[in-house]
Structures are given as structure tokens and as C-alpha cells.
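The values are calculated or read from the model by the stated rules, or taken from the named source; none is laboratory data. Predicted model, so just to flag it, every value in this text is computed and none were measured. Cβ sites come from the backbone with ideal geometry, for glycine too, and all protein chains shown count toward neighbours. Side chains included, ligands, DNA and RNA excluded: accessible areas come from the protein's heavy atoms. Shrake-Rupley method; radii C 1.70, N 1.55, O 1.52, S 1.80 Å.
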Amino acid sequence: MEKRAELYRGKAKSVFTTDDPDRLILLFRNDTSAFDGKKIEQLDRKGMVNNRFNAFIMQTLQAAGVPTQFDTLLSDTECLVKKLDMIPVECVVRNYAAGSLVKRLGIEEGTALAPPTFELFLKDDAKGDPFINASHVVTFGWATADQLARMQALTLQVNDILRALFDQAGLMLVDFKLEFGLFKGEIVLGDEFSPDGCRLWDKDTKKKMDKDRFRQGLGGVIEAYEEVAQRLGVPLS
Ligand code: ADP
Ligand code: UDP
């Protein structure tokens, strides 16, 4: 597989074309950003940890029947994925109240949410990733009603699979964000699943083990990501 031009440089990953028009290389960098890119730092080992973590989770989901972009782990910081036409909508599931839900609705942090909530945000940094609803998605043509229904069903399926996985590792899956795209007409899970895009709390101590450590300046960010990886049995180099 030959790596060719840089197609896109995001806040945390770079995307490269390859000699196969259906495949891209995702390069996970050490750049760490929060608050729509207003806080940015380099954290040693983050690219490697997130790349290996994402490969483990995507392979677990694929084996459980979720269609994912994942093809091959190429190196410490790179993986080969299907080239998707990304849908600019972020799907968020919450099992416990945290983050923007707490701010928006004044629900106490940590409140158990049953059934879990499903929320949509427009992926648009310039607009601050606004909260949107299903009718916006369809009316503005970001996805069809059928595609959106499939994204919601897959997001809830991912929640069932990963809640159980993290629970066995002594962790609460508080919330997470997924992005989907189209590959040959099918909805496929894209982007990444790593502690950058979810909230994980230790079941006993409620210690935050995710990007909130960075957002809130708590320190020990990568140490926490590595502990999560180690508890799940993700091989790190
Ligand atoms: P951001 O765009 O939010 O700054 P990243 O730094 O993670 O995010 O950049 C990765 C970019 O690659 C994102 O825009 C994401 O939507 C896109 N992307 C992720 N997976 C795929 C894929 N399989 N095919 C095409 N684009 C993808
Ligand atoms: N999230 C993300 N990228 C975004 C927005 C949110 O990965 O652009 C994740 C975030 O890490 C959390 C979940 O989605 O696990 C819900 O985020 P929330 O709406 O609470 O927003 P926040 O206050 O974290 O910005």
C-alpha cells in the first residue's frame, strides 16, 4: 500500500490518499485539542495510544457485526481505512449526564440516563458544532431519513457492545461520539473511537480517564488513556 498525498489535516489526525482509490491512511498525531480547537497541546505518545486503541475497538465492533471503516493497522500511528463519504453529523449517546448535557439542561453530572439519550450535532467547527435534530439532518440534506435511522441503530448497537466491554474493565462508558460515512451506498462507522471522543470513569473511584482530563487541566492525560488500554488488553508499543 503506497501512501500518497495529504488529503486533509484535521485537529488530531491527517488523512492521506493511497494507490487504492477506495482506501485512505489515517495518521494519528500527538496534537490534542478542545473547545473547538481553542486549546491545543502536543501530548507525547497520544498518536500511538489512540491509533492502537481505535484499531482494537473497531476490530471488536466489526467482529460483533457493526460495519466499520477499519482495514489494517499499518504502524504505531497509522491505519488503513475504507475511504468514506463522511456525513457531517456527530451521533452522541449518553448513559450518564456529563458535558454539554449538564450545561444545557442543568441535569446533575453522573445522573444515570435510562434509556440512554441519542443526540445529533452538526460537524462544523466554524459554527461551534451546534446541537441539531433529525428534521434538520433530512431537510438540509446531510443524510436521508433511512440513513439517519441506520446511524441511530448502529450507534445504539455500539453502545450495547462497548458498555459491556468497558464494564468488564471496571469503567463506566458515560458518553461517546461517532461519525459515519457512506461506502458503496452503505452506512459505515468512520473516524475513530478513542478516549478523545468518549467519557470513561472508573467504576469505583469515578476518576475521569478520558479527554476531560485535558479539557479540565487535571493532568495525567496519556497515563489515563494508557491505563484504559491496559485494562482492556489493548497492545501498546
Ligand atoms: P477534525 O476534522 O474534527 O479536526 P480529525 O483531526 O480527527 O478531526 O480529522 C480526521 C478527519 O477525517 C475528519 O474530518 C473525519 O471526518 C475524516 N475521516 C475519518 N474517517 C474517515 C474515512 N474513513 N474516510 C474519509 N474521511 C474520514
Ligand atoms: N465529542 C467529541 N467531539 C466533539 C464533541 C463531542 O468527541 O466535537 C464527544 C465528547 O468527548 C463526549 C461526547 O462526545 O464524549 C459528548 O460531548 P458533549 O456534547 O458533552 O460536549 P463537550 O462538553 O464534551 O464538548
Rounded Å value of the spacing that divides the Cα centres of region 1-33 and region 42-77: 14 Å
At q = 0.10, 0.21, 0.24 Å⁻¹, what log₁₀ I(q)/I(0) does a Debye calculation on the Cα points of region 12-116 give, no solvent, two decimals? -0.40, -1.19, -1.24
Taking placed amide H atoms and a strict 5 Å upper bound, the residues 5 or more places from Gly10 or on another chain that come that close are Val15
Would you mind checking which residues have amide H under 5 Å from Ile87's amide H? H placed 1.01 Å from N; only 5 or more apart, or other chain. Phe180, Gly181, Leu182
In whole Hz and in residue order, list the ³J(HN,Hα) couplings for region 190-200 that follow from phi through the Karplus curve 6.51 cos²θ - 1.76 cosθ + 1.60, θ = phi - 60°; x for Gly and Pro. x, 6, 8, 10, 8, x, 6, x, 8, 10, 10
Pop out the ³J(HN,Hα) list for region 31-41 in order, Karplus 6.51 cos²θ - 1.76 cosθ + 1.60 with θ = phi - 60°, rounded to Hz; leave Gly and Pro as x. 4, 10, 10, 8, 6, 6, x, 6, 10, 9, 9
Result row for the chain, helices from DSSP H with C-alpha axial extent 15 Å or more and mean Kyte hydropathy at least 0.0, is 145-168, 221-232
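Per DSSP helix of 4 or more residues, -39500 (n - 2.57); summed, then divided by the residues of the chain. What does that give at 222 nm, rounded to the nearest 500? Write out the running numbers ahead of the final one.
On the way: 6 runs with 71 residues, N = 237.
Value at 222 nm, helices only: -9500 deg cm²/dmol.
Excluding ligands, DNA and RNA, what is the solvent-accessible area per residue of region 1-156 at a probe of 1.4 Å, expressed in Å²? Walk me through the intermediate numbers first.
Details: 7740 Å² over 156 residues.
On a per-residue basis, 50 Å².
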Give the long-range amide H neighbours of Asn95: residues separated by 5 or more places, or on another chain, with amide H under 5 Å away, using H modelled in the peptide plane at 1.01 Å from N. Asp175
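How big is the dipole moment of region 1-112 about its Cα centre under a simple scheme where the beta carbon of each Lys and Arg is +1, that of each Asp and Glu is -1, and everything else is neutral? Debye, nearest 20, please.
Details: 17 positive and 16 negative charges, 60 e Å.
Computed about the Cα centre, the dipole is about 280 debye.
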Solvent accessible area, Å² - Tyr8, 1.4 Å probe, full protein context: 140 Å²
Got the relative contact order for region 96-237 handy, in percent, Cα pairs under 8 Å and 6 or more residues apart? 13 percent
Cα-based Rg / Dmax (Å) for region 140-236: 15.4, 45
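Counting only protein heavy atoms and a 1.4 Å probe, tell me what percentage of the chain's accessible area is made up of carbon and sulfur. Can you show the working numbers first?
Numbers: 5580 of 10870 Å².
Here it works out to 51 percent.
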Please list 3J(HN,Hα) in residue order for region 128-139, calculated via the Karplus relation 6.51 cos²θ - 1.76 cosθ + 1.60 where θ = phi - 60°; whole Hz, with x for glycine and proline. x, 6, x, 5, 10, 10, 4, 5, 4, 4, 6, 4
Apply the Debye scattering formula to the chain, with a single equal point scatterer on each alpha-carbon and no solvent, then give log10 I(q)/I(0) at q = 0.15 Å⁻¹. -1.09
